[in-house]
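Report on one structure; see the data block that follows.
The values are calculated or read from the model by the stated rules, or taken from the named source; none is laboratory data. Source: prediction; values computed, not measured. Using ideal geometry, Cβ is built from the backbone for each residue, glycine included, and neighbour counts are taken over all protein chains shown.
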There are 2 protein chains.
Amino acid sequence: MHFADGAPQVNGTGQTEYGKSVVEGLKKEEQIEKASVQKLSEEHDLVLKTFRLLIADLCQQFKGGHPGGAIGMAAIGVALWKYVMHYAPHTPTYFNRDRFVLSNGHTCLFQYSFLHLTGYKAMTFDQLKSYHSDRVDALCPGHPEIEHEGIEVTTGPLGQGVANAVGLAMATKNLQATYNKPDFDVVSNHTWCQIGDACLMEGVALEAISLAGHYKLNNLTIIYDNNQITCDGSVDLTNTEDTNAKMRACGWDVIDIEDGCFDIEGLVEALNKARASTEKPTFVNVRTVIGLGSAVAGNAVAHGAAFGDADVANMKKMYGFDASQRFTIGEEVRKFFEDLPARGEEFVQSWEKKVRAYEEKYPDLGADFRRRVEGRLPENWKELMPTKDALPAKATATRASSGLVFNPIAQACNNFMVGTADLSPSVNMIWKGKVDFQHVSQSRLHSQGGKESGVKGTDMYKPDLKTTCGITGDYSGRYIHYGVREHAMAAISNGLAAFAPNTFVPITSSFFMFYLYAAPAVRMGALQHLQVIHAATHDSIGMGEDGPTHQPIELANLYRAMPNLLYIRPGDSEETAGAWITAIEAKHTSTIISTSRHTLPQQPQTRRDGVAKGAYVLEEAEDADVTLIGVGAELCFAVDVAKELKAKNIKARVISFPCWRLFEAQSLEYKRDTLRKHRIPAVVIEPYAPNGWERYANAAICVKRFGHSLPGKAAYKFFGFEVGTMTTKVSEYLEKIKADDILRQEFVEL
Amino acid sequence: MHFADGAPQVNGTGQTEYGKSVVEGLKKEEQIEKASVQKLSEEHDLVLKTFRLLIADLCQQFKGGHPGGAIGMAAIGVALWKYVMHYAPHTPTYFNRDRFVLSNGHTCLFQYSFLHLTGYKAMTFDQLKSYHSDRVDALCPGHPEIEHEGIEVTTGPLGQGVANAVGLAMATKNLQATYNKPDFDVVSNHTWCQIGDACLMEGVALEAISLAGHYKLNNLTIIYDNNQITCDGSVDLTNTEDTNAKMRACGWDVIDIEDGCFDIEGLVEALNKARASTEKPTFVNVRTVIGLGSAVAGNAVAHGAAFGDADVANMKKMYGFDASQRFTIGEEVRKFFEDLPARGEEFVQSWEKKVRAYEEKYPDLGADFRRRVEGRLPENWKELMPTKDALPAKATATRASSGLVFNPIAQACNNFMVGTADLSPSVNMIWKGKVDFQHVSQSRLHSQGGKESGVKGTDMYKPDLKTTCGITGDYSGRYIHYGVREHAMAAISNGLAAFAPNTFVPITSSFFMFYLYAAPAVRMGALQHLQVIHAATHDSIGMGEDGPTHQPIELANLYRAMPNLLYIRPGDSEETAGAWITAIEAKHTSTIISTSRHTLPQQPQTRRDGVAKGAYVLEEAEDADVTLIGVGAELCFAVDVAKELKAKNIKARVISFPCWRLFEAQSLEYKRDTLRKHRIPAVVIEPYAPNGWERYANAAICVKRFGHSLPGKAAYKFFGFEVGTMTTKVSEYLEKIKADDILRQEFVEL
């Protein structure tokens, strides 16, 4: 096996020679000198001891943190960072690097310490020691954070990382199917996901595991730190399932490692086998001991507390270290890791060379690939959206408007990966000629070319999934059937988005109410500054018969308050266009576009650029008596009530208010001019819990109880959202506050 | 087998003779006349056809709804309601009834139609026909609702019902272990959970399935309507796992039914076998055809749309029915179900007789059982809580205060089932002598008495789970290790609470931030008016090092807006007592008690009865310049800032404001007296997104971005929550508004 470009040698299974040598060296002892085996074994022993004591010291320093898991996983880390993973410490953003996700994020010292040892420049020794300090600029927060060098995703809430890893692996598959050529594997990376016992209990992980098995993501490996301990005690208190059998049932290969605390060779062999898998994702079940070497080894106490000075000193003595020294990393250990930055740069240079040759041979595809690597959309994306004139004049549900304005963009711009939690018929996210993301047999690929990076022929990505309903697809597809897995959908989308900045822009879609299922992942997307766009339909009691379980009342309150998330309720097709433009331009922010199930009239005065301001005046009236604030599906009510009020000689101006957060970002002057709240009272019309509208309105026609199962129109009527009723409420309110000055200053629910 | 009390005969496995007869009759044909087999088969055929046409008509009437699943499940329904389930149509609240949960709630017509056919009085023919009508008092909402006769839980958001059913089955187990005696099985019911393909994809169901297997809930059966169709098409688009193998790996028995559309006999046999299971919950995998008989049979279109007049007419012709007639239920079909109300009353009377005899033989236990059946707490529960004087004067974390005030009550009152999502060391919910809820071998029970209802000896519920950490338990235990399964924890708790009103009062516990994982189930509890109390700790940036993924910023906004949910942030031990009293007294409302990780000083002026009012004046100051609103973990800041302001000659009054919803329920007069917002400005201090405080305050010292990983004190400092900084902010604000009248009317973030 030989690569002309001088890259670290990778064999047909993607296994590095580094990994091969340690395995074969130690397995076939007759072929090499026993002395070198002995030496390597001693080196490993020293590295493991050093690492474990380092973790113990780092927690002991500020008497807190999570030592146990990191200590138990030491051998896994050595296998990964020294032998198995392809990465570049001095070029952390190397595009074709393996992605590593620490789903059990509380063991972050595991990752931080290896980042330090392998030479990531930002992770200086001082920085490493900042864990649990009050240093405001620390790179060692209590859970890994995407902002920092060498961290792929922010984790912490358990289970999320598993779904993120599935998204990262899907990203690779899609890029490979889109760009790789028989002689050019410009994308070939693997995704490694480290988990603990808890991740296997969380629903979001179980959803993602099921989907990864379906997609046959052979480029994904879960490494299970099976220490059988969680906070409450041993895992058998609450989980006695046959995990391996469950994983196999979900379509995964399983490899067991019995001595996970020490068996680096076995781990390397297993992980390389996982990388070489051709048909399935791999689950490596690694038995470890939490807090190995400490007095609380194997005990839940080792999970989330420092061991105490005496125990740490004792560990050091037992390991033959000087108990009076802290943070000891000997020269031999430094040496053990010192080749890694250079190896990493070889990866980078080899890849860059390959990409240049690729661009030469395939200039169009090469330019497109470069664009994706740089996270740019095609320049003309905005022109693909119909203008206001080109949108239908007839009443249209804004969920349909979403399709009208966005489908042409999704079709033309391959950054967008569009998925749905089994609501394709409802969410209108299918574009003409869409191809589903589905698996393609790797054995077929191999039979055609010997390895993924050397496939021959052009039909290599033809679909081989024969579904009962006849819809198929392949890995180049950009439409994702997530199944009824809302939470995994959003978390997987975070993984897609995290692959590289804006290389993918994931779209999720479901009923708005089910974004409560997805909420923890929506939050993680916003927190990580990931551009993920959530197309949420059926966003009011107007959705009707499905009743209170499907009618959002309080959910907007969560998303309007969530930092770095734009929650936008457009009122007609034009505003829906504005919502999508805003979302697509928000490169570091997540957005929910919240649309109606039912048809809404087109408002002549709506403006897509008004949406970008969060709120704008739709109908001005000098010397107005009242401002009516209309929102989303109920914007038309505000317009109609204003008309009715006019008949009663009450002058109403109308504001359209699709997004609080965008409005807050405007100048004080713009806000005051728009609201005029200090001069005339404002009434908001929205069938949600009103909390927070107090900032912009003096009164609300709102809903403070759960909904009611009725046809949409009847539901609106039941809750008083008829134009006549609302008009009366507003005019009576205006009368009342004339007589009651205190009431004028209070917020009133009408 | 003979029961003296004249109840429907139940054999050793709990199988009714009704069920037995149909199975044995049809299997052992030589023993009975072929003619009667033929007759029964013809009856079944007619019932199935009638039922399927009824569903088609009910959807066609208003041209909407979900016909396909209900039609496909017809035979399952006949097996359940005619032969297998123990229930009483004329006494729907019969305590020992089997519980039926329709987790695929969109197929609600399935349940409504059987409620009608089996004689539930409320479900008149007219009511049945109200499905999708605009009748405001309809008993046929788009998903089943707990308020209505014969419905055990509200379902709709998929997967929830599975977890609810696990809770219902756990309730039975706990009552059995607590009250049953060898000669008295006062509780012996089974829980049946109907699901579709989607429920098996949802994380909440997967979490609950894993836990049910661990608990060996042999009194729980999932019936899987395996039609391999969801909205997007065939299930193999997105799920190709080996479901049976997965269920077995999770500790479930699996029974396959190949011809689920017609094989009533096979279904009855399978369901009776499931009821008779001694060691495991049972998963009955029933192959059906969605929309059987319609032109769209087996197609996703059959899921959520009426078939159209032509197709419905065609179905009728094919079935030999008059196509011009709608809603046909022939006399023979009525007759088929007519014995069920009387059979039900026999169940009721037999059970009541048994309970009377039980009360006679075991008067103390009998009285306790009666109390539980009636959903009452022991009278003295409030006295068990320490008075303010008896609470420690030293600074205490309110999560610890929660334990101090509630543990004695949990210990003494067996209504409380207290669980945690693997945070026992953090949430302080363990009382002295607590026993864990864990499984007990049914085979041991059986070997001692032949059947559960006839067990001998007193050690029958001794623990047989040998955990690695040594903690065991039994079914009488009331402390639940839910594992790291927050969503299932809350949904299972809804099931416990739904068993019978207030017979169980479930407590959940976790970090507040993880109640975002649990949110869909918390919502369902509130929506169903279930009393579930959620003990949420680590509720502010003060929780520290775990960082932004664990620091709530926007979550309170969701819960403060959620109808029928009390979100309470107590400020010290006394207020924590008030929060628990309020929660325990709220019989039809869910509560979140939101507490601190870190210690808080005890405030001399706090009052537990103040909490019940939502907000109250802590420190009054006549002619005050400003009102400071303190909340929860930051109440102490408001008190301290008031002191500092005094030194600057600024008079501040202090309000403690633990709960918006409770405050909103007070009189206008009380609210105005407390707030005085129309006279002096108010500033709220809370490190959350401020949205909604605008109603009560004019300015906020708040946080609008995600948190930061720092030790608690440093985190507060980082975000400006130091007394000096806050004092300056308030005084500067007061200066500013003197000069700017518009600003005085606006909400200002300081």
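It is to be established whether one or more residues within segment B:580-590 are over 20 Å from the mean Cα position of the chain (by Cα), hydrophobic (A, V, I, L, M, F, W, C) and surrounded by 24 or more Cβ atoms within 10 Å (Cβ to Cβ).
Looking for residues that are over 20 Å from the mean Cα position of the chain (by Cα), hydrophobic (A, V, I, L, M, F, W, C) and surrounded by 24 or more Cβ atoms within 10 Å (Cβ to Cβ), one finds none in segment B:580-590, hence no.
Can you name every residue in segment A:536-564 that is more than 15 Å from B:Leu555 (Cα to Cα) and either in contact with a Lys or Arg (Cβ under 6 Å, 6 or more places away or on another chain) or charged (D, E, K, R) (or both)?
Across segment A:536-564, the qualifying residues are A:Thr537, A:His538, A:Asp539, A:Met543, A:Glu545, A:Asp546.
May I ask you to verify whether A:Asp474 is over 18 Å from A:Pro506 (Cβ atoms) and modelled with pLDDT under 65? Let's see the steps before the verdict.
Working: over 18 Å from A:Pro506 (Cβ atoms): yes; modelled with pLDDT under 65: no.
In short, no.
Collect the residues in segment A:708-742 that are over 30 Å from B:Leu139 (Cβ atoms), within 14 Å of chain B (Cβ to nearest Cβ) and modelled with pLDDT of 95 or more, keeping them in residue-number order.
Within segment A:708-742, A:Lys736, A:Ile737 qualify.
Every residue in segment B:708-723 that is in contact (Cβ under 8 Å) with a residue 12 or more places away in the chain, part of a loop (DSSP other than H, G, I, E, B) and touching a Phe, Trp or Tyr at 6+ places or on another chain (Cβ under 8 Å), please.
Result: B:His708, B:Leu710, B:Pro711, B:Phe721.
Is it the case, given these coordinates, that B:Glu634 is farther than 19 Å from B:Val683 by Cα and outside any loop (DSSP other than H, G, I, E, B)?
no
Please count how many residues of segment A:215-270 are crowded, with 23+ Cβ neighbours inside 10 Å, facing chain B (nearest Cβ under 8 Å) and of a type in the set (Ser, Thr, Tyr).
Selection size over segment A:215-270: 2.
Quick test for you: out of B:Cys261, B:Cys193, pick the one residue that is touching a residue at least 60 places away in the same chain (Cβ under 8 Å), closer than 30 Å to B:Asp474 by Cα and either in contact with a Phe, Trp or Tyr (Cβ under 6 Å, 6 or more places away or on another chain) or not β-branched (Val, Ile, Thr) (or both). Spell out how you get there, then give the answer.
Numbers: B:Cys261 fails: closer than 30 Å to B:Asp474 by Cα.
That would be B:Cys193, the only listed residue that is touching a residue at least 60 places away in the same chain (Cβ under 8 Å), closer than 30 Å to B:Asp474 by Cα and either in contact with a Phe, Trp or Tyr (Cβ under 6 Å, 6 or more places away or on another chain) or not β-branched (Val, Ile, Thr) (or both).
Tally time: how many residues in segment B:369-405 are more than 24 Å from the chain's Cα centre (by Cα) and not small (Gly, Ala, Ser)?
Adding up the residues that qualify gives 17.
From B:Ile742, B:Ile701, grab the single residue that is in contact (Cβ under 8 Å) with a residue 12 or more places away in the chain and β-branched (Val, Ile, Thr). Explain how you work it out, then say what you get.
On the way: B:Ile742 fails: in contact (Cβ under 8 Å) with a residue 12 or more places away in the chain.
Residue meeting the stated conditions: B:Ile701.
Taking the conditions exactly as written (closer than 29 Å to B:Ile541 by Cα, among the β-branched types (Val, Ile, Thr), away from chain B (no Cβ under 14 Å) and buried (at least 24 other Cβ atoms within 10 Å of the Cβ)), does A:Ile71 satisfy them or not?
The answer is yes for A:Ile71.
Could you look through segment B:683-701, keep only residues that are within 12 Å of another protein chain (Cβ to nearest Cβ), among the aliphatic types (A, V, I, L, M) and not in a loop (DSSP other than H, G, I, E, B), and pick out the one that is nearest to B:Ile593 (Cα to Cα)?
Applying the filter and picking the extreme gives B:Ala700.
Per-residue answers, yes or no, for (1) at the interface with chain A (Cβ under 10 Å from one of its Cβ atoms); (2) in contact with a His (Cβ under 7 Å, 6 or more places away or on another chain); (3) modelled with pLDDT of 95 or more; (4) under 10 Å from B:Ser590 (Cβ atoms):
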site: B:Glu486; (1), (2), (3), (4): yes, no, yes, no
site: B:Ala500; (1), (2), (3), (4): no, no, yes, no
site: B:Ser510; (1), (2), (3), (4): no, no, yes, no
site: B:Phe514; (1), (2), (3), (4): yes, no, yes, no
site: B:Arg523; (1), (2), (3), (4): yes, no, yes, yes
site: B:Ile533; (1), (2), (3), (4): no, no, yes, yes
site: B:Thr537; (1), (2), (3), (4): no, no, yes, no
site: B:Ile553; (1), (2), (3), (4): yes, no, yes, no
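Go over the candidates B:Arg661, B:Arg705, B:Arg679 one by one and state the one that is facing chain A (nearest Cβ under 10 Å) and either modelled with pLDDT under 95 or crowded, with 22+ Cβ neighbours inside 10 Å (or both).
B:Arg679
Could you please find all residues in segment A:229-245 being part of a loop (DSSP other than H, G, I, E, B) and charged (D, E, K, R)?
The answer is A:Asp232, A:Glu241, A:Asp242.
Could you list, in sequence order, the residues of segment B:592-614 that are touching a residue at least 60 places away in the same chain (Cβ under 8 Å), assigned to a loop (DSSP other than H, G, I, E, B) and more than 13 Å from B:Ala579 (Cβ to Cβ)?
B:Arg597, B:His598, B:Pro601, B:Gln602
Here is a yes/no grid of residues against (1) under 20 Å from A:Gly320 (Cβ atoms); (2) in contact (Cβ under 8 Å) with a residue 12 or more places away in the chain; (3) out of contact with any Cys (no Cβ under 7 Å at 6 or more places or on another chain):
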| site | (1), (2), (3) |
| --- | --- |
| A:His44 | yes, yes, yes |
| A:Lys49 | yes, yes, yes |
| A:Leu54 | yes, yes, yes |
| A:Trp81 | no, yes, yes |
| A:Met85 | no, yes, yes |
| A:Thr91 | no, yes, yes |
| A:Val101 | no, yes, no |
| A:Gln111 | no, yes, yes |
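From (1) part of a loop (DSSP other than H, G, I, E, B); (2) within 12 Å of chain B (Cβ to nearest Cβ); (3) in contact (Cβ under 8 Å) with a residue 40 or more places away in the chain; (4) not polar (S, T, N, Q), pick out the condition that doesn't hold for A:Lys587.
With respect to (1) part of a loop (DSSP other than H, G, I, E, B); (2) within 12 Å of chain B (Cβ to nearest Cβ); (3) in contact (Cβ under 8 Å) with a residue 40 or more places away in the chain; (4) not polar (S, T, N, Q), A:Lys587 is out only on (2).
Out of all the residues in segment B:120-166, which are surrounded by 21 or more Cβ atoms within 10 Å (Cβ to Cβ) and under 18 Å from B:Ala88 (Cα atoms)?
Within segment B:120-166, B:Tyr120, B:Met123, B:Gly150, B:Ile151, B:Glu152, B:Val153 meet the criteria.
In the set A:Gly142, A:Gly150, which member is in contact with a helix residue (DSSP H, G or I) (Cβ under 6 Å, 6 or more places away or on another chain) and outside any helix (DSSP H, G or I)?
Values: A:Gly142 fails: in contact with a helix residue (DSSP H, G or I) (Cβ under 6 Å, 6 or more places away or on another chain).
Being in contact with a helix residue (DSSP H, G or I) (Cβ under 6 Å, 6 or more places away or on another chain) and outside any helix (DSSP H, G or I) holds for just one of A:Gly142, A:Gly150, which is A:Gly150.
Among the numbered criteria (1) more than 14 Å from chain A (Cβ to nearest Cβ); (2) surrounded by fewer than 24 Cβ atoms within 10 Å (Cβ to Cβ), which one does B:Glu575 miss?
Just one mismatch for B:Glu575, condition (2).
Does A:Ala274 count as buried (at least 24 other Cβ atoms within 10 Å of the Cβ), assigned by TED's automatic domain parsing to the domain that holds A:Gly72 and among the hydrophobic types (A, V, I, L, M, F, W, C)? Break it down into steps so the answer makes sense when it comes.
On the way: buried (at least 24 other Cβ atoms within 10 Å of the Cβ): yes; assigned by TED's automatic domain parsing to the domain that holds A:Gly72: yes; among the hydrophobic types (A, V, I, L, M, F, W, C): yes.
Yes; evaluated as a whole, the condition is true for this residue.
Is it the case, given these coordinates, that A:Ala652 is away from chain B (no Cβ under 14 Å), modelled with pLDDT of 95 or more and in contact with a Lys or Arg (Cβ under 6 Å, 6 or more places away or on another chain)?
Values: away from chain B (no Cβ under 14 Å): yes; modelled with pLDDT of 95 or more: yes; in contact with a Lys or Arg (Cβ under 6 Å, 6 or more places away or on another chain): no.
Against the criterion (away from chain B (no Cβ under 14 Å), modelled with pLDDT of 95 or more and in contact with a Lys or Arg (Cβ under 6 Å, 6 or more places away or on another chain)), A:Ala652 does not qualify.
Show me the helices (runs of 4 or more DSSP H) found entirely inside segment B:284-364 where at least 1 residues are within 30 Å of B:Phe95 (Cβ to Cβ).
Once the helices (runs of 4 or more DSSP H) in segment B:284-364 are filtered for at least 1 residues that are within 30 Å of B:Phe95 (Cβ to Cβ), what remains is B:331-337, B:340-361.
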